[in-house]
1. To the nearest 20 Debye, how big is the dipole of segment 3-428 about its Cα centre, given +1 on the beta carbon of each Lys and Arg and -1 on that of each Asp and Glu?
2. Over what distance in Å are the Cα centres of segment 185-223 and segment 300-353 separated?
3. Would you compute, for the Cα atoms of segment 3-428, the largest minus smallest coordinate along each principal axis and list the three values in descending order, in whole Å?
4. What translational diffusion coefficient, to the nearest whole µm²/s, does segment 238-371 have by Stokes-Einstein, given a Kirkwood radius computed over alpha-carbon pairs, a temperature of 10 °C and 1.306 mPa s viscosity?
5. What aspartates and glutamates does LYS50 reach when the alpha-carbon gap must be under 18 Å and sequence neighbours fewer than 8 apart in one chain are set aside?
6. Could you pull out every whole DSSP H run in the chain that spans at least 24 Å of Cα extent along its own axis and averages -0.5 or higher on the Kyte-Doolittle scale?
7. Express the relative contact order of the chain as a whole percentage, based on alpha carbon pairs under 8 Å and six or more residues apart in sequence.
8. Give the lysines reachable from LYS141 as a straight Cα distance under 30 Å; neighbours fewer than 8 places away on the same chain don't count.
Amino acid sequence: MPSTLKTAAQFFALRSLVRGYALLGDPYAAVIASPPNRDPYPMYEKVRAKGDMVRSRMGAYVTPSREICDSVLRDGRFLTATFDESSPVPITLVEDGEKIVNPVQDSFLMMNPPNHGRLRKIVQPFFTPRALKDRTESIQKIVRTYLDRLDGRFDVIEEFASQVPIQVIADLLGVPDSEKDLFARWGSSLAETLDGVWSYKQLKALHATIIEYNDFIDGLMDQRRRNPQDDIVSHLVTRHDDLSREDLVATTGLLLFAGFETTVNLIGNGVLKAFENPHTVAPLGQSPEYAEGFVEEVLRLDPPVQYTIRFPKERLELAGVSLPKGMPVMLMLAAANRDPRVFKDPLKFDPTRSNAREHLAFSAGIHYCIGAGLSRIEGALALHELFKRFPDLAPDGPVARRKSKLIRGALRLPVRANETKRSLAVKNS
Ligand code: HEM
């Protein structure tokens, strides 16, 4: 059989198998196979009703418990996700003898100690509280610039929620404005496949994206070697000549894709939460402090990253279950954030909740999100300024959801704003 057909047939078999298990109520299959527009949270509650460690027939365990998720994430006996070698997805691509680096899969997000720490340490200085404080004003300027372009009816994802994080991360990395429009397309293609590649078409699109990204970042690194600026790419190529090309491409790529695909959804999910809870709109537009609590509660109740997976590196006991080496444990971060043993009245959206920060939206342990502080600032500024500028912002059509089950958020969210109130709000700001 030609290899294209063989790969397509393998995908078909995989899809059918997972959907079959999902229909039988298997928790792992149900998470990765649920349709994009279906609310996943009732399904998470069904898993919770089965217990803290639920066995999947697909050879994995699933946990909705906040305590277990947190302890696994901090436990050095668990490794971060590794790809199954029997997967039909050819992982390593080579073009003209040079490896094509996958910015997510080959990055330190997927590495274990000591390599993980070696690379994380290099970019950490760009995310310290001090470094973030220095960037806050420029983020506010970016938010206002994009708001100035909006009027009447618009898509809040396309024209605002995705523009702000793309601009922030492009500035941080040193990507010229003329090139940043490519990111939106690359980001969607990568984000769509984070929870698995499900078709030959998707696989081809993913490969094309990765190859384009490699060419782009090789070019940018060359430019910055010749003409360094005050940005992460310049810092990496001039101060860390011990890093391999693979490490450089993957580290910058991770920051780029982790940095905007997630934050777009934080802002989008925040707009949806404001629409669902109209009493929050006025304080959100009036008070930056309220906006910070609001963002924390969005991260808890509707987090952009829904789950992560860890693998025990040896046979071990976890919550009364004996796990063989390599058995995947799906940590349902989004379900853990609704654990009633930690969060009182967990389904209630309460921006003043005192322990909202105990959520696991940014994970925990050594892989705790390096951009947590940055996205908190972006999310709070974006939502505060948006509802300050458009206090009567309202939905204006159906919401289209992203296909990914791992990344949760809206792809299209049409809204409308009343222009009279808008001019008043601008005058008063
Ligand atoms: C709302 C926005 C964001 C969310 C919900 C989010 C979520 C996460 C989660 C859950 C992880 C850990 C995954 C795991 O443990 O398996 C992670 C890791 C990471 N995130 Fe974020 N993230 C966000 C924004 C950002 C931003 C703005 C950046 C950078 C500019 C960023 C960069 C990273 C990096 C580099 C890692 C890998 C950390 C490591 O492995 O040590 N993220 N993020």
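1. 1100 debye
2. Using only Cα atoms, the two centres lie 29 Å from each other.
3. Extents along the principal axes: 63, 57, 42 Å.
4. The calculation lands on 92 µm²/s.
5. Candidates past the 8-residue exclusion: ASP26, GLU67, ASP339.
6. Result, helices passing both filters: 3-23, 245-276, 372-389.
7. Taking the mean separation of contacting Cα pairs over the length of the chain, I get 24 percent.
8. Within the straight-line limit of under 30 Å, LYS141 reaches these lysines: LYS121, LYS133, LYS180, LYS273, LYS388, LYS421, LYS427.
The values are calculated or read from the model by the stated rules, or taken from the named source; none is laboratory data. If you're wondering where the values come from, they're calculated on a predicted model, not measured in any experiment. In this analysis, Cβ positions are derived from the backbone assuming ideal geometry, glycine residues included, and neighbour counts consider all displayed protein chains. We work out accessible area using only protein heavy atoms, side chains counted, and drop any ligands, DNA or RNA first. Shrake-Rupley method; radii C 1.70, N 1.55, O 1.52, S 1.80 Å.
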